[in-house]
Amino acid sequence: MVNMQGFLNWISIGALPLASASIAFVALLMLDHNASESSRRDGARAIIITGVIALVCSLYLAGAPVIQPMWLQYLILIGGAFCVGILIHLLVSRLFGRPSE
């Protein structure tokens, strides 16, 4: 029989950093001065959806912490992933950004 508690724990460990990194990435895309109004609206929807995912995963991991102390768990899974999202945005904007005119 499958241990559902362990399965949900591993899903939360993976989903929380992905949601945090995507929030940072999309937020920086929305701050771009060339972003259209519709892309900003879509970005806001994406941030709301990934924010709910991050909140649910955070609440689940609060009941069964993986890393002790708990503040370190959230620093790594949210703060570290948020920084990775910022770095990915910087890398993508440098590699695939519009050339300066």
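The values are calculated or read from the model by the stated rules, or taken from the named source; none is laboratory data. Predicted model only: the values in this text are computed from it and were never measured. As a convention, Cβ positions derive from the backbone with ideal geometry for all residues, glycine included, and neighbour counts pool all protein chains shown. Heads up: the accessible areas ignore ligands, DNA and RNA and are worked out on the full protein's heavy atoms, side chains in. Shrake-Rupley method; radii C 1.70, N 1.55, O 1.52, S 1.80 Å.
Structure values in brief
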| item | result |
| --- | --- |
| Scan of segment 21-60 for residues that are farther than 24 Å from LEU90 by Cβ and in contact with a helix residue (DSSP H, G or I) (Cβ under 7 Å, 6 or more places away or on another chain), ordered by number | CYS57, SER58, TYR60 |
| Residue match in segment 66-77 (condition: among the hydrophobic types (A, V, I, L, M, F, W, C) and open to solvent by less than 40 Å² (accessible area, probe 1.4 Å)) | yes |
| Segment 51-65: number of residues that are touching a residue at least 24 places away in the same chain (Cβ under 8 Å) and either open to solvent by less than 30 Å² (accessible area, probe 1.4 Å) or farther than 11 Å from LEU16 by Cβ (or both) | 6 |
| Matching residues in segment 87-99 - criterion: being open to solvent by 60 Å² or more (accessible area, probe 1.4 Å) and either farther than 21 Å from ILE13 by Cα or in contact with a Leu (Cβ under 7 Å, 6 or more places away or on another chain) (or both) | LEU90, LEU91, ARG94, LEU95, PHE96, ARG98, PRO99 |
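Residue-by-condition table, conditions (1) without any contact (Cβ under 8 Å) to a residue 12 or more places away in the chain; (2) within 16 Å of LEU55 (Cβ to Cβ):
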site	(1), (2)
GLN5	no, no
TRP10	yes, no
ILE13	no, yes
LEU18	no, yes
LEU29	no, no
SER38	yes, no
ARG41	yes, no
